[in-house]
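First the structure, in the form of structure tokens, and then the observations on it.
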Amino acid sequence: MVRGFITCLLCFFTLGCSDAFLRAMDEVNAGMGGQRTCLKEADYEVDSYDGFSYKTGGLCNDWQGQIRNYSDYTIRCTNTINGSRANTIYAKPRATTELKYIGHMSGRLKYNCMKWAKRAEVWKDYHQRDYQILLKVDSGKNYISVKNLSPYSRKCFIKDKSEKVLVQSVIGNGQTLRWIKAPSGDFYTNCIVT
């Protein structure tokens, strides 16, 4: 009896409080005439998106989620249960998360996944004009900047479609303008000698 109790304790410490372990213990308890504690479950379903997928389901009274990220973006999946905010899950670029706890199965799960962040990279290269447009994603929003590739300091700018200046500055070789939220629709960029 003591040996069995110690074995169960070792299993508990080894496996932790995972849902699979709790479910197995629940079935053992029910098989011995005890009360079940895992009352709610939901089959796992996978939704696929451009560059990632999100797996959700319920096990032993808890909603769980897992992101498989094949993209160069950080992915964020926000979750709600019966309209109330639940845990948010993030996946780094080219990573797969463990099955993560979202919240108690007290109602219907809804979620919204999006490309949340991406490090700066060259979006357009105007090599003949010695500058580049850089793009990054931060908190689900696109931001742009201009990088001066000329050996000289130049005035670089970004204008919207009505040619209103959104940002401009004199920057040296290898320097960039401050990041701005990417305008909707057309915009114009250039770097000129001052």
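If you place +1 on the Cβ of every Lys and Arg and -1 on the Cβ of every Asp and Glu, how big does the dipole about the Cα centre of the range 130-193 come out, in debye to the nearest 20? Write down the numbers at each step before the final one.
Values: 10 positive and 5 negative charges, 28 e Å.
Result for the range 130-193 is approximately 140 debye, rounded to the nearest 20.
What nm value, rounded to one decimal, do you get for the distance between Ser169 and Glu45 when each label is placed 7 Å out toward the C-beta?
For the pair Ser169/Glu45, the computed spacing is 4.8 nm.
How about the range 88-194: which trypsin sites (Lys or Arg not before Pro) there are in a DSSP loop, with at most 15 other Cβ atoms within 10 Å of their Cβ?
Details: sites: Arg94, Lys100, Arg108, Lys110, Lys115, Lys118, Arg119, Lys124, Arg129, Lys136, Lys141, Lys147, Arg154, Lys155, Lys159, Lys161, Lys164, Arg178, Lys181; in loops: Arg94, Arg108, Lys161, Lys164, Arg178.
Taking the range 88-194 and a limit of 15 other Cβ atoms within 10 Å, the loop trypsin sites (Lys or Arg not before Pro) found are Arg94, Arg108, Lys161, Lys164, Arg178.
List the lysines whose alpha-carbon lies under 28 Å from that of Lys147, not counting same-chain residues fewer than 8 positions away?
The qualifying lysines are Lys92, Lys115, Lys118, Lys124, Lys136, Lys155, Lys159, Lys161, Lys164, Lys181.
Under 16 Å Cα to Cα from Lys110, which lysines show up? Leave out anything in the same chain fewer than 8 places away.
Correct list for Lys110: Lys55, Lys100.
By the scheme Lys and Arg +1, Asp and Glu -1, what is the net charge of all other residues having a beta-carbon under 13 Å from that of Ala86? If you can, show how the numbers build up before the last one.
Working: positive: Arg85, Lys100, Arg108, Lys110; negative: Asp62.
Residues near Ala86 contribute +3 overall.
Amide H to amide H, which residues 5 or more places from Met105 or on other chains are under 5 Å from it, using H placed in the peptide plane?
Here the answer is Asp62, Trp63, since their amide H atoms fall under 5 Å of that of Met105.
Read-outs throughout are calculated quantities, based only on the coordinates presented, and are distinct from any laboratory measurement. Bear in mind that the values here come from a model prediction, so they are computed numbers and not experimental data. We place every Cβ from the backbone using ideal geometry, glycine too, and count neighbours over all the protein chains shown.
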